[in-house]
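Heads up, the thing below is written out as structure tokens.
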Amino acid sequence: MKLLLKNSAKILVFSLSIMLIVGSTTSCKSKKKLAREKAAAEYEMKVNQAKNDLNAMLNGTTNWSLDEQEQRLDVIRSYNIDDPEVIDLISKVEAKISMDRAEAERLAEEDRLKREEEERRMKDASKYEKIDTELAAISTSTTIDAANRKITLSMDQFASPDVPVLIIISQAGGFNDYDRPTTISKFLNYLKDKQEYRYKVESVKRDGLGKITELELIKK
């Protein structure tokens, strides 16, 4: 009887050992399976999110700046996704960002040139303010004698009475449309008779002595 109990105990211990080994092996396999499933799910989420973000950038439906788009693209590249659609989208987004960057730089340069041109115009306007004031003073003279005296004084700054006066009547597409040309002598007498100065000096050309050889006005 004692021998039977002893053998039974050994069998029980052996059975428990087998169960523990099998249970441990099964548990290890289950953990590996869960880890693989978790990794696959995370990869699938990255692929889907990458597709969504890449399509949004390609369609211009994000509010991300170009720098932010490039940062997001770098992150997606770091995933090393081998999905053909993602690879194709990455290539298309790279090309689009490159084009958008070039266009942004072109617009920035265009804006810079416009600002410089406006600054030049403002500087020129200030530079020619004295001439504008003198021409306006002729047109507002209260008497003919007063106007003639101002014309004589004004003529001193011109190379000759026949200096051409060009009057811009419209501007479009970088081109000027001019009124019929006249001379400074005729124009100053016109201001005296018209008693109105509705122009602004646009540009002035001078000779080596500083005398005006051409006067360009724009009609206001």
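Below are the figures for this structure:
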read-out: LYS114 being at pLDDT 95 or above, within 29 Å of the chain's Cα centre (by Cα) and under 30 Å from ASN63 (Cβ atoms); value: no
read-out: SER126 being exposed (fewer than 10 other Cβ atoms within 10 Å of the Cβ) and in a helix (DSSP H, G or I); value: yes
read-out: Test: residue in region 48-56 that is surrounded by 10 or more Cβ atoms within 10 Å (Cβ to Cβ) and at pLDDT below 80; value: no
read-out: Checklist (1) under 27 Å from the mean Cα position of the chain (by Cα); (2) not in a loop (DSSP other than H, G, I, E, B) applied to ALA136, failing item; value: (1)
read-out: Some residue of region 26-34 being in a helix (DSSP H, G or I) and in contact with a Ser or Thr (Cβ under 7 Å, 6 or more places away or on another chain); value: no
read-out: Selected residue (only one of ALA136, ALA159 is of a type in the set (A, V, I, L, M) and farther than 30 Å from LYS114 by Cβ); value: ALA159
read-out: Failed criterion for ALA136 (all others in (1) in contact (Cβ under 8 Å) with a residue 40 or more places away in the chain; (2) surrounded by fewer than 11 Cβ atoms within 10 Å (Cβ to Cβ) hold); value: (2)
read-out: Residue in region 156-170 that is in a helix (DSSP H, G or I) and either under 30 Å from LYS192 (Cα atoms) or modelled with pLDDT under 95 (or both) present; value: no
read-out: Any chance LYS192 is closer than 27 Å to ALA146 by Cβ, surrounded by 14 or more Cβ atoms within 10 Å (Cβ to Cβ), among the basic types (Lys, Arg) and modelled with pLDDT of 95 or more; value: yes
read-out: Condition met for LYS29 (surrounded by 10 or more Cβ atoms within 10 Å (Cβ to Cβ), modelled with pLDDT of 85 or more and closer than 30 Å to ASP83 by Cα); value: no
read-out: Filter pass, SER139 being modelled with pLDDT of 95 or more and farther than 15 Å from ILE218 by Cβ; value: yes
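The values are calculated or read from the model by the stated rules, or taken from the named source; none is laboratory data. These numbers were taken from a predicted model, which means no experiment stands behind them. Cβ coordinates were reconstructed from backbone atoms using ideal geometry, including for glycine residues, and neighbour counts include every protein chain displayed.
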